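Enquirer: Attaching a single structure in C-alpha cells format; questions to follow.
Read the figures in this text as sums done on the coordinates, not as results from a lab. Keep in mind the model is a prediction, meaning the values are calculated, not measured. Cβ placement follows ideal geometry from the backbone for every residue including glycine, while neighbour counts extend to all protein chains displayed.
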Amino acid sequence: MKRAFIKVVPVLPFIVLALAALVAAYHIHRYW
Amino acid sequence: MGTSSASSELTVIAAPAARAPLSLRGEFLRDQAPIITGVLILGVVSSYLQHGFLVGGDRPFPLAGLSVPLWHLLWLGFWTGYTMALVGEATGIFSLPYAMSILRFDNIHVSPTNLIITAINPVGALLGFRRAGQWNLDFALWPSLGSLIGSQVGPFIRVSYLSDPVPFKALVGLALFWLGGHLVWEITPWYLRKRQSQREFTERFRARARAQAAAGRLPSGIPAGARIVTLERSWRRIRIAFLDQQWTMSVPVLFGLGVGVGVVASTLGVGGGFLMTPLLVTLFKLPMYVIVAATIPFVMLQSLVGLFAYLLVVPALTGRYDPPEWAFGFFVAASAVFGAWLASKTQRFVPESYLKLVAGVITGLGGLLYLVNYFVPLPFRI
C-alpha cells in the first residue's frame, strides 16, 4: 500500500491536471 | 500564495522543527480541518444571507450569472490550490482565468470574488510558517503598508476602465504570460546559475536535513528555534538575518513594491504573489524560505484591502457597487486550503522541473490567447 502510494505521489499533479481538463471539458459540454 | 505566493515547501520541513512532530492526520485535524470547515460553513451562511437560498447546481449564482454544481467549485479550489502551491504560487492567478473562461464568470464581480479566495487560501500556510519561525513583521510591514495605498487604487481602475471583459482578460493574459514565462525561466540553467545566494541557502538546508535524517530524526533543514531576526531597522533600510545569512533591503523600495504590486493585483483580483516573489528574489537575492515572511501577510492584507475597496470605497466615491459572490469565493477557498496543505506534504516527492514546465506552458499559452483575442478576435469565446 505504502509502496504504491510512493509511486503515485510524483505523478499525482499530472493526474490532477488531466482530471481538471476532463472536468472542464464536461462543464463546457454540459453547461455552455 | 502561497499561496500567494507561498512556497509550501517550508511548511513541510520546518513545521516539525519548533515542536514535537504530529502525525499527518493529527496535523490535518488540528491545523487545517477547523479552517476548512469554518470556511465551508461561511459559504453556506453567506449564500443564504446574500441570495436567500443555497446556490449551486440548478440554482444559478445570481451575480455571476452562471450555473455550476458545488462539487465543481470544491474541485476548482482543490486542483488550483494543489497545483499552484507545488510550484510556489497561490490559487488566485489560476482560479481567475478558469472562472472566466471555463465557468464564464467574467463580469466585474469576478475580481472581488477572487480576492476572497486569495485572502483565505494562505491562512493554513501562514500558521505553519509562523510556527516555524518564518515570520518577521519588520520585513512584512513595508510591502503591506504599500498595499494599503495600492490596493485602494486597483478597484477604481477595474470599474472605470476595465469593466469590459475583453481588455480585462488581455491584462490577465499579460499577467499569465509573465507567470508562465517565469515558471519556465526558473528551471533553465541560466536562472539556476545566477542564483548563487539562494543555491547556497538550499544546499545548507538540504545538508542539515540529511544530517537530521541520519540521526534518526525528522529531516528538518532548519534548526529548532530558528527565527528571521531584525538586525537593523530605520526609515531608509532594514537588515534581517536567518540562520547564518543576512540581507539588507531599502525600505522605500519595499514600500514602492507594495504600492505597485497592490495596484496591479487588486485591479485583477489576485493576491499579487506572482509579481512580488520574483521581484523580491531579483532585487534582494532572498531565498524563498525568507520571502514567505513578507509575501503571505502581503497577499492576505492586499486581498482584504482590495475587497474593502470594492465593497465600500468604490461605491462611496463612484456610486458603483460590485459585491463579490461570497459563497463562490468561500467554497473555492475552502478546498484551496486543503489543496495547498496537501501540496506542502507531497512537494518533496514531486519532480518540480517537469511540473513547472507543464504549468508554465499551460499558463503562458492561456495568457497568449487572451492577449491575441484583444488584438484579433478569436473564432471562439475565451
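Enquirer: In which sequence would B:296, B:120, A:15, B:35 go, from the one with the fewest C-beta neighbours within 10 Å to the one with the most?
Expert: Details: B:296 31, B:120 26, A:15 10, B:35 18.
Ordered from fewest to most neighbouring Cβ atoms within 10 Å, B:296, B:120, A:15, B:35 come out as A:15, B:35, B:120, B:296.
Enquirer: Follow-up. Averaged across A:15-26, how many Cβ atoms of other chains sit within 10 Å of each residue's Cβ atom?
Expert: Values: counts 0, 10, 7, 0, 3, 11, 2, 0, 6, 8, 1, 1.
Taking the mean over all residues of the peptide, I get 4.
Enquirer: To continue, here is another question. Using a/c under 1.5 as the rounded threshold, could you call the range B:313-382 rounded, prolate or oblate? The axes a ≥ b ≥ c are square roots of the C-alpha gyration tensor eigenvalues, and prolate needs a/b larger than b/c, oblate otherwise.
Expert: Verdict is oblate for the range B:313-382.
Enquirer: Which order results if B:232, B:186 are arranged by neighbouring Cβ count within 10 Å, fewest first?
Expert: Working: B:232 13, B:186 19.
Placing the least packed residue first, the sequence is B:232, B:186.
Enquirer: Name the shape class, rounded, prolate or oblate, that the alpha-carbon gyration tensor gives for the protein assembly as shown, where a ≥ b ≥ c are the square roots of its eigenvalues, rounded holds for a/c under 1.5, and otherwise prolate holds if a/b is larger than b/c and oblate otherwise. Show your work: numbers first, answer last.
Expert: Details: a/c = 1.58, a/b = 1.31, b/c = 1.20.
The shape class here is prolate.
Enquirer: Straight-line reach only, C-alpha to C-alpha below 14 angstrom: list the aspartates and glutamates that residue B:169 could link to, leaving out same-chain residues fewer than 8 apart.
Expert: B:106
Enquirer: Okay, moving on. Within chain B, which DSSP H helices have Cα atoms that stretch 20 Å or more along the helix axis and a mean Kyte-Doolittle hydropathy of at least 0.5? Spell out each step's value before the answer.
Expert: On the way: long enough: B:33-51 (27 Å, 1.40); B:70-86 (24 Å, 0.95); B:137-161 (35 Å, 0.75); B:165-185 (29 Å, 1.31); B:196-214 (27 Å, -1.42); B:251-268 (26 Å, 2.03); B:288-308 (30 Å, 2.00); B:326-346 (30 Å, 1.21); B:352-375 (34 Å, 1.11).
Taking the DSSP H segments of chain B (at least 20 Å long, mean hydropathy at least 0.5), we get B:33-51, B:70-86, B:137-161, B:165-185, B:251-268, B:288-308, B:326-346, B:352-375.
Enquirer: Something else now. Return the single residue from B:300, B:84, B:288 with maximal mean-square fluctuation; model: Gaussian network over chain B, springs between Cα atoms under 10 Å.
Expert: Looking only at B:300, B:84, B:288, the biggest GNM fluctuation is shown by B:288.
Enquirer: Enumerate the aspartates and glutamates that residue A:2 could reach by cross-link, defined here as Cα to Cα under 20 Å, with residues fewer than 8 away along the same chain left out.
Expert: Residue A:2 reaches B:27.
Enquirer: List the chymotrypsin sites (Phe, Trp or Tyr not before Pro) within the range B:38-74 that fall in a DSSP loop (any state other than H, G, I, E or B) and whose Cβ has at most 16 other Cβ atoms within 10 Å.
Expert: Values: sites: B:48, B:53, B:71; in loops: B:53.
When the chymotrypsin sites (Phe, Trp or Tyr not before Pro) of the range B:38-74 are filtered for loop state and at most 16 Cβ neighbours within 10 Å, B:53 remain.
Enquirer: Take chain B, connect every pair of alpha-carbon atoms lying under 10 Å apart with a spring to form a Gaussian network, then pick out the residue of B:76, B:243, B:254 with the largest mean-square fluctuation.
Expert: Looking only at B:76, B:243, B:254, the largest GNM fluctuation is found for B:243.
Enquirer: Near residue B:356, which aspartates and glutamates are there with a Cα under 20 Å away, not counting those fewer than 8 places off in the same chain?
Expert: Straight-distance partners of residue B:356: B:9, B:89, B:186.
Enquirer: Rg/Rh for the range B:27-85: what does it come to with C-alpha atoms and Rh from Kirkwood?
Expert: Values: Rg = 13.3 Å, Rh = 12.8 Å.
Result for the range B:27-85 is an Rg/Rh of 1.03.
Enquirer: Something else: Could you tell me which trypsin sites (Lys or Arg not before Pro) in the range B:168-217 are loop residues by DSSP with no more than 15 other beta carbons within 10 angstrom of their beta carbon?
Expert: Numbers: sites: B:169, B:193, B:194, B:195, B:199, B:204, B:206, B:208, B:210, B:217; in loops: B:195, B:217.
Sparse-neighbourhood loop trypsin sites (Lys or Arg not before Pro): B:217.
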